[in-house]
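The values are calculated or read from the model by the stated rules, or taken from the named source; none is laboratory data. Values in this document were obtained by computation on a predicted structure and should not be read as measured data. All Cβ positions, even for glycine, are placed from backbone atoms using ideal geometry, and neighbour counts span all protein chains on display.
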Amino acid sequence: MRHGNHRPPAGVGVRLSWRAVHIEDAELIARARSGDVTAYESIVRRYQDVAVRTAYLICPETDADDAVQEAFLKAFDALPRFREGAPLRPWLLRIVANEARNRRRSAGRRHGLALRAADAAGPQQTTPGPEQIVMAAEQRSELLTALNALRDDDREVLGARFLLDLSEAEAAEALGIPRGTVKSRTSRALGRLRVTLGPDGMVER
C-alpha cells in the first residue's frame, strides 16, 4: 500500500481522526454553502447512518427514514446559519432529533425503541459463531425491552450516550439540553435501567 498525501474522498468508509473529520467537515460546509451539491451529498453519506439511528431512537419506526430525509433538507437550508468552527455532527443530530420528536408527537403514541437504533456503527472485527450470534441477539433484545420500559427522555439520553456513542457535550447539543442535565439524567436513567434489568441482567417480568 502506497503512503502519501492522497486522501480518500469524504464519505468513503475510512476511519479518520476527530481532527481530520472536523477539518474535512469544514471544507465540505464551505463548498456546500457556495452551492456545491456534491459536497453536501458527501456530508449526507458521512452522517446518514448515525442520523438514521438517532431517528429510530426517538420516533416511531415507520417515520424514522422520512424524519432523516426531512432533517437533511432542513440542515441544508440552515447551513448559512451554521456557526463556523463548530462540530457538525451534534448540530446535524439536533436537527434530526427535533424532526423525529415532531413526528413522535404527530403519531400520538409512545413507540418501542427500534432494533435498528442499537445496530453497531462499524464493521465487526471478527466473525461471530452461531452461539455468539444467538447470545448477542438475546442480550440485545433484553436491553431494548428494558430501554422501552423507561421514559422517553431517559431513553434518549442513554441512546445518545451509549448507542450513538456521543460525548456528553455532543449529546447535550444533539438533544438540546444543558451538559449538566445530560450527566444527571444519564446517572438516573442508568439506575432505572439496572432496576429494570435486575441483578442477572435480564428484564424483571
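Annotations for the structure displayed:
- Condition met for residue 37 (at pLDDT 90 or above, farther than 25 Å from residue 148 by Cα, in contact with a Gly (Cβ under 9 Å, 6 or more places away or on another chain) and of a type in the set (A, V, I, L, M, F, W, C)): no
- Of the helices (runs of 4 or more DSSP H) contained entirely in segment 17-89, those carrying at least 1 residues that are out of contact with any helix residue (DSSP H, G or I) (no Cβ under 6 Å at 6 or more places or on another chain) and among the small types (Gly, Ala, Ser) fall at 18-33, 61-78.
- Checked against (1) within 28 Å of residue 47 (Cβ to Cβ); (2) among the basic types (Lys, Arg); (3) modelled with pLDDT under 85, residue 179 passes all but a single condition, namely (3).
- Any hit, segment 52-67, residues being over 20 Å from residue 160 (Cβ atoms), at pLDDT 90 or above and surrounded by fewer than 15 Cβ atoms within 10 Å (Cβ to Cβ): yes
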